[in-house]
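*Asks:* Structure below; questions to follow.
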């Protein structure tokens, strides 16, 4: 029943929105790749699709790493700001 907690519902909605957006973008990439590889044989097409998936995985990892670093910097700056404010108030 924990899934009915508002935070869990909110997290599921966020995951669903992210999945939908990423799927739409990757669908576009897949269609473009299909156009580029339409004259290739099946083995080459499969190899190209696998290469694309590897590139997508790498790009997603890089994006997540950059976003995590940004959020951590923001969190650190906020913490310093709160500590400075507490020092002024105290």
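Quick note: the coordinates plus some simple rules give every number you see, no bench work behind them. No experiment lies behind these values; they were computed from the predicted model shown. Glycine gets a Cβ as well: all are built from the backbone with ideal geometry, and neighbour counts include every protein chain shown.
*Asks:* Relative to the first principal axis of the alpha-carbon coordinates of the chain, what is the inclination of helix 42-89, with its axis defined by its Cα atoms, in degrees from 0 to 90 and to the nearest 10?
*Replies:* 10
*Asks:* Based solely on its DSSP helices, what 222 nm [θ] is calculated for the chain when runs of n ≥ 4 H residues each add -39,500 (n - 2.57) and the sum is averaged over all residues, nearest 500 deg cm²/dmol?
*Replies:* It comes out at -32500 deg cm²/dmol, rounded to the nearest 500.
*Asks:* What is the Cα radius of gyration of the chain over 2.2 N^0.38 Å, N being its residue count? Please report the intermediate quantities before stating the final value.
*Replies:* Numbers: Rg = 21.5 Å, N = 90, 2.2 N^0.38 = 12.2 Å.
Computed over Cα atoms of the chain, the ratio equals 1.76.
*Asks:* Could you give the nm distance between label points at residue 47 and residue 30, where each point is 7 Å from its Cα heading toward the beta carbon?
*Replies:* 2.2
*Asks:* Project the alpha carbons of segment 41-90 onto their principal axes and report the range along each, largest first, in whole Å.
*Replies:* 73, 7, 5
*Asks:* Next up: If you line up the Cα atoms of segment 18-69 on their principal axes, what length do they span on each, largest first, in Å?
*Replies:* Cα spread of segment 18-69 along its principal axes, largest to smallest: 42, 19, 13 Å.
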